[in-house]
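Enquirer: Just passing along the structure, written as structure tokens.
We did not get these values from a lab; they are worked out from the coordinates using the rules stated. Quick caveat, the model's predicted, so the values are computed rather than measured. Cβ placement follows ideal geometry from the backbone for every residue including glycine, while neighbour counts extend to all protein chains displayed.
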């Protein structure tokens, strides 16, 4: 069973490592703020292809906090140096949890192990939208426009 709309934001406890911040940093950053959590992997071409669109979306909604979770799909994905190189290459500026033991995958009920998958939570920590795959950022865009109609009007 996967997270349902209205479910609370799961804990980030269980990451095997943190890059660009820490568990405490994430907890302090997201408290009372709308938050995007996204799963990605170094071996995921769609994840990398979607990064520029994700950067644009985050720039459009500066109130949105975001947390990356690197979830390995293959043994090669667990190489932390490769993860760091991919983060640099694709300008991933979010705090990134490394989920080598798949504890965050389980906490977010990402049973299929989808990457990319995007979870959008409101300021109360309730799930507003979940989308996966190639068109996930498009679905996320629509959900953000509903959450922040003033941003949509300002860019029109």
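Enquirer: Under 18 Å from a point placed 7 Å out from the Cα of residue 124 along the Cα-to-Cβ direction: which residues of the range 1-42 have their backbone N that close?
Expert: The answer is 4-10, 31-36.
Enquirer: Can you tell me how the range 7-88 classifies by the Cα gyration tensor, rounded, prolate or oblate, using a/c under 1.5 as the rounded cut?
Expert: Here the range 7-88 falls in the oblate category.
Enquirer: Please give the helix 45-60 orientation as an angle from the longest Cα principal axis of the chain, in degrees from 0 to 90, rounded to the nearest 10.
Expert: Taking Cα atoms only, the helix is inclined about 40 degrees.
Enquirer: What 222 nm value per residue comes from the helices of the chain, counting each DSSP H run with n ≥ 4 as -39,500 (n - 2.57) and dividing by all residues, nearest 500 deg cm²/dmol?
Expert: Details: 6 runs with 58 residues, N = 156.
Rounded to the nearest 500, it is -11000 deg cm²/dmol.
Enquirer: Taking every pair of Cα atoms in the chain, average 1/r, invert it to obtain the Kirkwood radius, and report Rg/Rh to two decimals.
Expert: On the way: Rg = 14.5 Å, Rh = 15.5 Å.
Value, to two decimals: 0.93.
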